[in-house]
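Asker: Just dropping this structure here.
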Amino acid sequence: MDAESFRDGDKMTDAEMSEMKDSDEGSEVNPIEGAEDALGEEPQTDWEAIAQDRYDHLVRLQADFDNFRRRIDREREDIKAYVVGSILSDLLPVYDNLERALKFMPNDGDAKSWRVGLEMTLKGFNEALARQGVEAIDSTGQMFDPRLHEAVQRVASDLPEGMIVEELMKGFRWKERVLRASMVKVSEGPVESEQPE
């Protein structure tokens, strides 16, 4: 019996119902099996790829942190160098004044004890600068180097051209940094006298 005749109000006999039931049992579909077929097979998780990805990410983070730490250390050293260089540069005029006072101080009478005290002060100043790594720049008798010297005058002399004749103000260097260039007079070379021909 088909569905159309059943809709028209006909009643099914027991035999027809049993026949219909037998035909439905053979074509039943398991709802769980249908869902698995629709989704396909369960995806396999590649744990090795995930672990490698996480490890690569960790290595990159570690490298970034190491670079950050090196940059911070370098910046800290730059700031320290700037501060120390600035302080030392501010102390150099005091050093110059002590040297000038010693140069023009008399060496007799009551001034002698003052002179001894000033010499001791200057010696202590030199020792303190040396402990901080400050060195005086050698100038007299050296060839002029624009990185270390500042020429304030060119003079005729028997020395070769470019040789430093006199140091007017001492220069100082701290580590590789020049705190103050030496102020110097530089030789123009021997004066050639014109001889008549």
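The values are calculated or read from the model by the stated rules, or taken from the named source; none is laboratory data. Please read these numbers as outputs of a predicted model, since none were measured by experiment. A quick note on method: Cβ atoms are made from the backbone with ideal geometry, for glycine too, and the neighbour counts reach across all protein chains shown.
Asker: Does any residue of segment 131-141 turn out to be at pLDDT below 90, over 16 Å from Phe172 (Cα atoms) and either of a type in the set (Val, Ile, Thr) or surrounded by 10 or more Cβ atoms within 10 Å (Cβ to Cβ) (or both)?
Answerer: Yes; the residues of segment 131-141 include at least one that is at pLDDT below 90, over 16 Å from Phe172 (Cα atoms) and either of a type in the set (Val, Ile, Thr) or surrounded by 10 or more Cβ atoms within 10 Å (Cβ to Cβ) (or both).
Asker: Something else about it: Which one of Ser89, Ser5, Ser23 is surrounded by 10 or more Cβ atoms within 10 Å (Cβ to Cβ), modelled with pLDDT under 60 and not charged (D, E, K, R)?
Answerer: Only one candidate qualifies: Ser5.
Asker: Kindly check whether there is at least one residue in segment 125-145 that is of a type in the set (D, E, K, R), more than 31 Å from the chain's Cα centre (by Cα) and assigned by TED's automatic domain parsing to the domain that holds Leu98.
Answerer: yes
Asker: Among the residues that make up segment 156-173, is at least one of them of a type in the set (Phe, Trp, Tyr) and at pLDDT 90 or above?
Answerer: Yes: one or more hits.
Asker: Check segment 65-79 and report whether any residue there is outside any helix (DSSP H, G or I), among the charged types (D, E, K, R) and either surrounded by 10 or more Cβ atoms within 10 Å (Cβ to Cβ) or at pLDDT below 95 (or both).
Answerer: no
Asker: Additional query: Could you please find all residues in segment 116-146 being touching a strand residue (DSSP E or B) at 6+ places or on another chain (Cβ under 7 Å) and charged (D, E, K, R)?
Answerer: Glu135
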